[in-house]
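First the structure, in the form of structure tokens, and then the observations on it.
The values are calculated or read from the model by the stated rules, or taken from the named source; none is laboratory data. This structure is a prediction, so every number in the text was calculated from the model and none was measured. Every residue, glycine as well, gets a Cβ built from its backbone with ideal geometry; the counts of neighbours run over all protein chains shown.
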């Protein structure tokens, strides 16, 4: 069964269609990627899927239930976590608190007014920090981390929401080749170990082909091809648009 | 560890002795007026600290907190004068009324996006309350205010302020303790996360508006306690308690004392009350001195006096360890 399904999603800004009649289905436990040049509409599509922007037309289904028009926090609580292209963390909290606050919230204890938060969710927080490789930096203020660490921290926050589906918007954006490889390994490991479905956008091609089971290619807001990495590689239109060949 | 703990307790003991001895020393060494000033500091410290839950923790720039202080003050006075409630009951009802006002004003305000609009809307609500109290003579006595509010003998300020000092101190300490608990609770952590990044908070599943509204209401409750304490200190109340300048002053106290240090706003309150009473006794240009002080603080140490002291303390501790 598809864990996430989008039918004919359309969104225009001032008469320009940023996303136009996009249909896609993400199967459970797969790594699915959306590629396309800058301005192809990938981030807008993510905003439509995660409820951050209302769509003009079309419907979104998550775990079989329609989530079109639902407030984003409710979609998150249903099990869809997302990261942003420009990292979104809590800059004045420590690295540890960034994860801990999310774990505490996820456990439904956010409205507890009197228990000391300091002693809560220590083990869960530490295991997530270890997974994303930030255990040593636990006491640093999150706002001063390097770009790569910020991305990892955000990934940790999203994991702390215990998602079934992970939406990652350019998770390796701004990373060196070494960092990129490490991050991709991490995403792969998470997908395998925790059986989380991953949907991500990317513009580094080698990255995409090495880990995805399905790829959708977008250009000017439209889907121009969908298929396995082999099919995409062989697609003539994709080659013209994306690789500038032919 | 045990050495640390003893040290910890000795600090508390020193603080307790100072707080207990203070009014007697002030009364003997100088005059009753200084005991009155000490109570005023306690009242404003509580107000400033309850306000800090909204600004320091929640990142919401409320420019209308005089509304909750004023509702607390008026509720206590009116219940006694108009409805003949006993003082303890009126005192307990005041913060509840303030919290209700906070719930209503907050309900509309937390929906607003942007610091500026939030400030303007809360300011407007507060001024609306001010005008209502000012104009509705038959109910609130308008700008005449309410005078001669009776208080029980034990805390009467007729002959000496000492009884009331301990009453205000006890009430304020209980409230400040609760605020401290809330600040370090999961809810306090959620608030700080929300202040840092509302969008990320939404995307961990938080209903941002609800969390803001709860913080706003709690803050209004404790502001109402401060307002009621003020009413019984003065045994009178006038529409001035609702005026926007009170909302402004409580913000300045936070800035002055430092919003990131728990006791910062209380320190700011003490500095403001003392500066106010001493400078006004020398010159009528107290506002100029205040303005200059604030500009200097914002430019030179934006963390406030409390932030500065915390920094010195941690450096000193670090040196001692090394």
request  = May I ask you to list the residues in segment B:1-28 that are over 25 Å from residue B:229 (Cβ atoms) and either modelled with pLDDT under 90 or touching a strand residue (DSSP E or B) at 6+ places or on another chain (Cβ under 7 Å) (or both)?
outcome  = B:1, B:2, B:3, B:4, B:5, B:6, B:7, B:8, B:9, B:10, B:11
ask   = Tally time: how many residues in segment B:231-240 are buried (at least 24 other Cβ atoms within 10 Å of the Cβ) and either assigned to a helix (DSSP H, G or I) or within 14 Å of another protein chain (Cβ to nearest Cβ) (or both)?
value = 2
query = Quick one: residue A:110 ticks every box in (1) in contact with a strand residue (DSSP E or B) (Cβ under 9 Å, 6 or more places away or on another chain); (2) under 23 Å from residue B:210 (Cα atoms); (3) at the interface with chain B (Cβ under 10 Å from one of its Cβ atoms) bar one, so which box is it?
reply = (1)
ask   = With respect to residue B:203, is the statement that it is touching a strand residue (DSSP E or B) at 6+ places or on another chain (Cβ under 9 Å) and more than 10 Å from chain A (Cβ to nearest Cβ) true?
value = no
key: So residue B:214, is it farther than 30 Å from residue A:87 by Cβ, in a helix (DSSP H, G or I) and either at pLDDT 95 or above or more than 14 Å from chain A (Cβ to nearest Cβ) (or both)   = no
remark   = Taking segment A:86-101 and keeping only residues that are at pLDDT 95 or above and more than 9 Å from chain B (Cβ to nearest Cβ), one is left with A:94, A:95, A:96, A:99
request  = May I ask you to verify whether residue B:297 is in a helix (DSSP H, G or I) and under 16 Å from residue B:256 (Cα atoms)?
outcome  = yes
request  = Being surrounded by 18 or more Cβ atoms within 10 Å (Cβ to Cβ) and more than 17 Å from the chain's Cα centre (by Cα) is the filter; apply it to segment A:41-61 and report the residue that is nearest to the other protein chains (Cβ to nearest Cβ).
outcome  = A:55
message = For the structure I just gave you, tell me whether residue A:104 is more than 8 Å from every other protein chain (Cβ to nearest Cβ) and within 16 Å of residue B:206 (Cβ to Cβ).
response = no
ask   = Does residue B:221 count as facing chain A (nearest Cβ under 7 Å), within 23 Å of residue B:45 (Cβ to Cβ) and buried (at least 23 other Cβ atoms within 10 Å of the Cβ)?
value = no
ask   = Taking segment A:113-127, which residues are touching a helix residue (DSSP H, G or I) at 6+ places or on another chain (Cβ under 6 Å) and facing another protein chain (nearest Cβ under 8 Å)?
value = A:113, A:114, A:117, A:120
ask   = Got at least one residue in segment A:62-73 being touching a residue at least 40 places away in the same chain (Cβ under 8 Å), out of contact with any helix residue (DSSP H, G or I) (no Cβ under 9 Å at 6 or more places or on another chain) and away from every other protein chain (no Cβ under 11 Å)?
value = yes
Residue in segment A:74-85 that is under 24 Å from residue A:122 (Cβ atoms) and facing chain B (nearest Cβ under 7 Å) present = yes
ask   = Just checking, how many residues over segment B:22-71 are surrounded by 20 or more Cβ atoms within 10 Å (Cβ to Cβ) and without any contact (Cβ under 8 Å) to a residue 24 or more places away in the chain?
value = 1
Spans of helices (runs of 4 or more DSSP H) in segment B:86-182 with at least 3 residues buried (at least 19 other Cβ atoms within 10 Å of the Cβ) and in contact (Cβ under 8 Å) with a residue 24 or more places away in the chain = B:87-109, B:115-135
request  = Among the residues of segment A:151-181, count how many are under 17 Å from the mean Cα position of the chain (by Cα) and in a loop (DSSP other than H, G, I, E, B).
outcome  = 10
query = Is it true that residue B:182 is under 20 Å from the mean Cα position of the chain (by Cα), modelled with pLDDT of 95 or more and facing another protein chain (nearest Cβ under 7 Å)?
reply = yes
message = Take the conditions within 18 Å of residue B:211 (Cβ to Cβ) and either within 21 Å of the chain's Cα centre (by Cα) or more than 10 Å from every other protein chain (Cβ to nearest Cβ) (or both) and apply them to residue A:139. Does it pass?
response = no
message = Taking the condition of being without any contact (Cβ under 8 Å) to a residue 24 or more places away in the chain and in a loop (DSSP other than H, G, I, E, B), how many residues in segment A:112-134 meet it?
response = 7
request  = For residue A:101, indicate whether it is surrounded by 19 or more Cβ atoms within 10 Å (Cβ to Cβ) and in contact (Cβ under 8 Å) with a residue 24 or more places away in the chain.
outcome  = no
ask   = Any chance segment A:135-150 includes a residue that's in contact (Cβ under 8 Å) with a residue 40 or more places away in the chain, crowded, with 24+ Cβ neighbours inside 10 Å and assigned to a helix (DSSP H, G or I)?
value = yes
query = In segment B:151-175, how many residues are within 14 Å of another protein chain (Cβ to nearest Cβ) and either more than 21 Å from the chain's Cα centre (by Cα) or within 15 Å of residue B:39 (Cβ to Cβ) (or both)?
reply = 1
task = All but one of (1) closer than 27 Å to residue A:105 by Cβ; (2) touching a helix residue (DSSP H, G or I) at 6+ places or on another chain (Cβ under 6 Å); (3) away from every other protein chain (no Cβ under 12 Å) hold for residue A:35, so report the exception by its number.
result = (1)
